[in-house]
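Please read through the structure below; I'll follow up with questions.
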Amino acid sequence: VSTQSTGHSFPPLPQELSRIIEEAEIMYEDDKMWPAPDRIGRQELEIVHNNQHICFNTSKIGSLVDVNGSKDPDGLRAFYYLVQDLKCFVFSLIGLHFKIKPI
């Protein structure tokens, strides 16, 4: 299942997203040593940021135990935490969107 959508946002939102990506330093990573996608599943992340375009593919990551057992634990850890940060960011935006305004 792939999700892709387009929308309009408040100017600080792309700035915050850019900050999250830059702090993760994910643009310096490479997924060659990460576990290959398998029958259990796959995780994909495509980033276009500051004229750079990068795609990552790996198997499903269940926990940090999976990360620490990989051939590139530092790179996979950066990916894992970035995905967690992006999930929190998106869920916060969804929560704000549906928040009921006080009367």
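The values are calculated or read from the model by the stated rules, or taken from the named source; none is laboratory data. No experiment lies behind these values; they were computed from the predicted model shown. When the accessible area is computed, the model is the full protein with side chains, heavy atoms only, and any ligands, DNA or RNA have been set aside. Shrake-Rupley method; radii C 1.70, N 1.55, O 1.52, S 1.80 Å.
Can you tell me the Rg and the Dmax, both Å, for the Cα atoms in the chain?
15.6, 55
Solvent-accessible area per residue for the chain at a 1.4 Å probe radius, Å²?
Here the residues of the chain average 79 Å² of exposed surface.
Mean-square fluctuation check for the chain, GNM, Cα pairs under 10 Å: which of PRO73, PRO37, PRO11 is largest?
For the chain, modelled as a Gaussian network with Cα springs under 10 Å, the answer is PRO11.
Could you work out how far helix 73-98 tilts from the main Cα principal axis of the chain, as a 0 to 90 degree angle to the nearest 10?
On a 0 to 90 degree scale, this one is about 20.
Another one. Note down the accessible area of VAL90, probe 1.4 Å, to the nearest 10 Å².
70
Now for a separate question. Share of the chain's accessible area from carbon and sulfur, percent, 1.4 Å?
C and S atoms contribute 55 percent here.
For GLN15 and TYR81 in the same chain, what is the full-extension length gain: residue separation times 0.36 nm, less their Cα-Cα distance, in nm?
Going from the current span to full extension adds 21.9 nm.
Here's a follow-up. Could you give the length gained by full extension between LEU64 and ALA36, i.e. 0.36 nm per residue of separation minus their alpha carbon distance, to one decimal place? Before the final figure, lay out each step's value.
On the way: separation 28, 0.36 × 28 = 10.08 nm, distance 1.66 nm.
The LEU64-ALA36 span can extend by a further 8.4 nm.
Among GLN15, GLN52, GLN84, which one shows the biggest mean-square fluctuation in a GNM of the chain, springs joining Cα atoms closer than 10 Å?
Per the Cα network of the chain with a 10 Å cutoff, GLN52 tops the list.
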